Amino acid sequence: MIASSLAMRPVRARTASLKSTTTRQRTNCASAARAEISYVMIKPDGVQRGLVGEIITRFEQKGFQLKAMKLYQTPEEVAKEHYKDLASKPFFPDLVNYIVSGPVVSMVWEGEEGIVKSIRKIVGATNPLESEPGTIRGDFAVCVGRNVIHASDSPENGERETALWFGGEGIVDWTSCSEDWVIERR
């Protein structure tokens, strides 16, 4: 199984192997003029509540291109590495336990420069009580501890998180036939 063999590889090895793969694939893509990627994870509460299709639809309708996706039971090591910036917070153990409590849907989305910022707007504020109606969290979440979704907060973290969760495997280089109807070329 790819997921279990990937989980056994050291995090650093997965990160290093993706950097060249992601750059190469985005360079070869016809739409790669200043493309960015964003890692998006539907958390266990979103999966359990059957929100996967609704969430994917929002990104597809915006015109973003799905490059990778997997249903994944997160190992504790990966969860800790993903949230390492929060390790000193008192809620860190609960956050790790929550992420490993059930399957997540891991995805990589690609789009023009600014996709990370655009995805964050679609997702909404971390605290659902501060999220606008129409955002994913504004529509589907009521508390921070069950806020349905994670999305990269910068292009650099999009690359780092993609490397962590996919390790260069499962990322597909393809071009949507609707791309010319979404992106204006000059």
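Values quoted throughout were computed directly from the atomic coordinates according to the rules given, and no laboratory measurement underlies them. A quick note: this is a predicted structure, and the numbers were derived from the prediction, not measured. Cβ placement follows ideal geometry from the backbone for every residue including glycine, while neighbour counts extend to all protein chains displayed.
Whole-Hz Karplus values for the stretch 134-142 come out as x, 7, 4, 5, x, 8, 10, 10, 10 Hz, taken residue by residue from phi with 6.51 cos²θ - 1.76 cosθ + 1.60 and θ = phi - 60°; glycine and proline positions read x.
Rank by packing, highest mean first: peptides 173-183, 142-152, 93-103, with packing defined as the count of other Cβ atoms within 10 Å averaged across residues.
Values: 173-183: 11.9, 142-152: 18.2, 93-103: 15.7.
Descending packing order for the listed peptides: 142-152, 93-103, 173-183.
Placing R0 at 30 angstrom, the Cβ-Cβ distance between Val142 and Glu60 gives a FRET efficiency of 0.70 after rounding to 0.05.
When the dipole is taken about the Cα centre of the stretch 29-186, and only Lys, Arg (+1) and Asp, Glu (-1) are charged at their Cβ, what size is it in debye, to the nearest 20?
Roughly 280 debye, rounded to the nearest 20.
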